[in-house]
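Reading through the structure tokens given below for one structure.
Every number here is computed from the coordinates shown, using simple stated rules; none is lab data. Because the structure is a prediction, the values reported are computed rather than measured. Neighbour counts run over all protein chains shown; Cβ positions are idealised from the backbone, glycine included.
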Amino acid sequence: MDSRCQISPQGPEFSPLIAGYWRLMEWGMRPQDVLAFIEQHSELGITTVDHADIYGDYQCEAAFGEALRLKPSLREKLELVSKCGIATTAKPEHVLGHYLTDRAHILASAEQSLKNLHTDYLDLLLIHRPDPLMDADEVAEAFTALHSSGKVRHFGVSNFTPAQFSLLQSRLPFTLATNQVEISPLNQTVTLDGTLDQCQQLRIRPMAWSCLGGGRLFTEPRYQALRDELEAIAGEIGAQSPEQVVYAWILRLPSRPLPILGTGKIERMRDAWAALSLPLSRQQWFRIRKAALGYDVP
Ligand SMILES: NC(=O)c1ccc[n+]([C@@H]2O[C@H](COP(=O)([O-])OP(=O)(O)OC[C@H]3O[C@@H](n4cnc5c(N)ncnc54)[C@H](OP(=O)(O)O)[C@@H]3O)[C@@H](O)[C@H]2O)c1
């Protein structure tokens, strides 16, 4: 696996693993601890960072930005990804959770992300979830304005079906760079529903979220058979941990996803990095599929 990855033909260059900051507020880090963590994973090679406006009840981006403010020169060494398009009840004006992809909201959310992250540009902005009220022309207008002003360099989507992806793409003067989707042995939906096929067709590398099922893969008793199979295969391929086998399973997909790591622990990031060079045979891949789903291929 290359140490840098072009995520689509006209897209940005990212690291092959991405640091996810959804859980930042749970880590109890002071700004100087966050700074040290960013520096450690950057030195390892993980320079791409995944955020969203809503993470940590709208607090994660600002907490990250406080760390970046301690060392502004670090910004140029990172690729910052953010998302918008969800409104949560963490803001009192939202009486219920809903999606929000109108032009004014996309522009305002991107501006707020820039302010919170202490940067003057985002490398990539994604629409977080498909919105039944999404007007593709409005999203395209917002994306085009953010692109022209230099505030956002590339755009993409998250959790979109191929049809939703194609709809938005049809209205844009530039290509969408990625679709960020859930991929793990616990959720294999996109491996067969056309989502990853579209990525392969367009030579777009998906970003994979919750690769470890948010940690449930290692904590819930019902996944014991899967854990046993991961341990067995770890022994066969010389992996140091079952987590490495999970990442190897994702990296084996021909659309070549970029896993987003959700951990706040640098040792777990180091462990994941070693998975980039692990080979997994077709039969080993299907053994993991079977152990997770509980049934064989038809
Ligand atoms: N686009 C979307 O809709 C979407 C949705 C969800 C997430 N995301 C992105 O994807 C990133 C990753 O998602 P995620 O956090 O769910 O990923 P994940 O890697 O599946 O889960 C991370 C969690 O698992 C724990 N964990 C890791 N290894 C473990 C082990 N061996 N045993 C027990 N627990 C373990 C971690 O704890 P420690 O911190 O203690 O290691 C952390 O709490 C997020 O940060 C976010 O950037 C995007």
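Listing HIS98, HIS154, HIS118 from the residue with the fewest other Cβ atoms within 10 Å to the one with the most, what is the order?
Least to most surrounded, the residues fall as HIS98, HIS118, HIS154.
Indicate, rounded to the nearest 5 percent, the antiparallel portion of the DSSP beta bridges found entirely in region 5-177.
20 percent
Give the relative contact order (percent, whole number) for the chain; include only Cα pairs under 8 Å separated by 6+ residues.
Once normalised by length, the contact order is 17 percent.
Quick one: work out the % antiparallel among DSSP beta bridges in the chain, nearest 5.
Rounded to the nearest five, the antiparallel share is 15 percent.
Sticking with the crude label model, points 7 Å out along Cα→Cβ, report the distance from GLU220 to GLN240 in nm, one decimal please.
Reported label-point gap for GLU220 and GLN240 is 2.9 nm.
Chymotrypsin sites (Phe, Trp or Tyr not before Pro), restricted to region 158-261: which are DSSP loop and have at most 16 other Cβ atoms within 10 Å?
Numbers: sites: PHE160, PHE165, PHE174, TRP209, PHE218, TYR223, TYR247, TRP249; in loops: PHE160, PHE174.
In loop regions of region 158-261 (DSSP not H, G, I, E or B), the sparsely surrounded chymotrypsin sites (Phe, Trp or Tyr not before Pro) are PHE174.
Once you order the gyration tensor axes a ≥ b ≥ c over the Cα atoms, which shape class does region 5-177 get: rounded for a/c under 1.5, otherwise prolate or oblate by comparing a/b with b/c?
Because a/c hits 1.5 or more and a/b fails to exceed b/c, region 5-177 counts as oblate.
Using the crude model of +1 on Lys and Arg Cβ and -1 on Asp and Glu Cβ, and no other charge, please compute the dipole size for the chain relative to its Cα centre, in debye to 20.
Its charge dipole is roughly 440 debye.
Send over the semi-axes of region 86-206's equivalent ellipsoid, whole angstrom and largest first, taken as the square roots of 5 times the C-alpha gyration tensor eigenvalues.
24, 18, 14
What does the charge count around HIS98 come to, taking other residues whose C-beta lies under 13 Å from its C-beta (Lys +1, Arg +1, Asp -1, Glu -1)? Each step should come with its number before you reach the end.
On the way: positive: LYS91, ARG129; negative: GLU93, ASP102, ASP131.
That works out to -1.
Using the C-alpha atoms of the chain, what convex hull volume per residue, in cubic angstrom, is computed?
Normalising the Cα hull of the chain by residue number yields 135 Å³.
Report the local net charge at PRO254: Lys and Arg +1, Asp and Glu -1, summed over other residues whose C-beta lies under 13 Å from its C-beta.
Result for the neighbourhood of PRO254: +4.
What whole-number distance in Å separates the alpha-carbon centres of region 103-133 and region 233-272?
Their Cα centres are 29 Å away from one another.
Using Cα atoms only, what is the angle between the long axis of helix 224-237 and the major principal axis of the chain, expressed in degrees (0 to 90) to the nearest 10?
80 degrees
Starting from the 7 Å offset along Cα-to-Cβ, what nm value, one decimal, do you get for the label separation of ALA136 and GLN200?
Distance between the two pseudo-spin positions: 2.4 nm.
Treat the count of other C-beta atoms within 10 Å as a stand-in for reagent exposure and order THR101, THR191 from fewest to most.
So the ranking, lowest neighbour count to highest, is THR191, THR101.
For the Cα atoms of the chain, what angle does the longest principal axis make with the long axis of helix 103-117, in degrees from 0 to 90, nearest 10?
For helix 103-117, the angle is close to 70 degrees.
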